Amino acid sequence: MTSEAEGSSPNRASSGAAWDDWTSDAGHAGHDLPLDAHLHTDQSPDSSVPIDVYAALAVERHIPEIAITDHVDFDPRDPAYRYTRFEDRERTVRGAAERWAKEGVTIRFGAELTYNRRWDADVREHLAKHHYDYVIGSVHDWPESPYWPSRVRAWVEGRTLDEIVEPYYAEIIAAARSGLFDTIGHLDVVKRYLHPLVTAEQLAARADLQEPALRAIVEGGVSLEVNSSGLRYPGAETYPSGPVVARYRELGGERVVVGSDAHARGSFAHRLGESYRHLIDAGFGQLTFRRGSDRVHIEVPRRTTIGTPDALRA
Ligand SMILES: [Zn+2]
Ligand SMILES: [Zn+2]
């Protein structure tokens, strides 16, 4: 996993300005957003945000429920390998949950686990010993990955698009089928690792490349996360993009969830309305989330304030 910190995040899409206002301006708050299920605090190596900052922002913006999903890595070369102890993370998050409950925000204790088949057994053991409210399984650019910054150019050269993305989706398929996770995080983040050698447009033109992964997510019974952090990177699309969310639905996908994947204060719930918008457009009526022992459904809001950017500008 390379850093996901957003301090230097490039390329904010100018067309998203109205959405920025809507999701980040306390004045007319994102009061229709019921959940942000992907947040990193200072218990992740690539964030320095204290948990209370997100909690206060959630109160300010009337987001009633958030999940703290700090990184847990399983390769000693990855930055979140033993970066924190489970017990410390749990104590911090549960303590904050208690403090903030009376303010009207519910804080769930989650984690984002970096998945790879090589350490499947370690992930399994970790989850057998440690109980989270909610667990995201994500595939990052693991240390021997062809997408590692120093290796990606050589990997792309002379290969077809199918060959280029295969290692990423192979891990996603395994993660989806592993039975370990509630959610597959930021599907198609590989486009960030491949930029600018392969563009988002080139990948969008080959939507078929994602089909086996989408089918595995449907069959694995996990939620597909629509992660708005992609809007902060080149390509400026959610992970995955709107058309992929729609295709997932066509393939029988029923479980979805959303997250801003904030690593910085300014990224809290950032443009999360666009993730919700893709769900509404694809016909999803509910999120599928877990609160400890309960898998729950949370209604996707349909109020007009979550309408199109044009409607918001009007
Ligand atoms: Zn991630
Ligand atoms: Zn994350």
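For Asp141, nonlocal amide neighbours, meaning residues 5 or more places apart or on other chains whose placed amide H falls under 5 Å from its own, are Thr2.
What 222 nm value per residue comes from the helices of the chain, counting each DSSP H run with n ≥ 4 as -39,500 (n - 2.57) and dividing by all residues, nearest 500 deg cm²/dmol? Write down the numbers at each step before the final one.
On the way: 12 runs with 111 residues, N = 314.
One gets -10000 deg cm²/dmol as the mean residue ellipticity at 222 nm.
Given a Förster radius of 35 Å and the C-beta distance between Arg215 and Val53 as r, what FRET efficiency does 1/(1 + (r/R0)^6) yield to the nearest 0.05?
Values: r = 39 Å, r/R0 = 1.11.
E(calc), rounded to 0.05, equals 0.35.
How far, in nm, would the chain grow between Lys129 and Glu254 when pulled straight, counting 0.36 nm per residue and subtracting the alpha carbon separation? Present the calculation step by step, with values, prior to reporting the outcome.
Values: separation 125, 0.36 × 125 = 45.00 nm, distance 2.93 nm.
Computed gain between Lys129 and Glu254 is 42.1 nm.
The stretch between Glu299 and Glu163 holds 45.1 nm of extra length on full extension. This uses 0.36 nm per residue minus the Cα-Cα distance. Among DSSP beta bridges lying fully in the chain, give the percent that are antiparallel, nearest 5. In the chain, approximately 20 percent of DSSP beta bridges are antiparallel ones. In segment 35-176 the Cα-Cα distances spread across 5 Å bins starting at 0 as 2, 9, 18, 19, 16, 12, 10, 7, 4, 2, 0, 0 percent of all pairs. The alpha-carbon atoms of segment 35-94, seen along their principal axes, cover 39, 18, 17 angstrom, with the largest extent given first.
What does the highest-first list of 269-280, 109-120, 144-155 look like by mean Cβ count within 10 Å?
Numbers: 269-280: 24.4, 109-120: 22.2, 144-155: 14.4.
Highest mean packing first, the order is 269-280, 109-120, 144-155.
For the chain, pairs of C-alpha atoms spaced more than 31 angstrom apart make up 23 percent of the total.
Ratio of segment 203-304's C-alpha Rg to 2.2 N^0.38 Å, to two decimals? Numbers along the way, then the final one.
Values: Rg = 13.5 Å, N = 102, 2.2 N^0.38 = 12.8 Å.
Against the empirical 2.2 N^0.38 Å value, I get 1.06 for segment 203-304.
If you average over every viewing direction, what projected area does the convex hull of the Cα atoms of segment 126-200 give, in nm²?
Working: hull surface 22.6 nm².
Quarter of the Cα hull surface area: 5.7 nm².
Read the figures in this text as sums done on the coordinates, not as results from a lab. Remember, it's a predicted structure, so these values are computed and weren't measured experimentally. Counting neighbours? That spans all protein chains shown, and the Cβs are built from the backbone with ideal geometry, glycine included.
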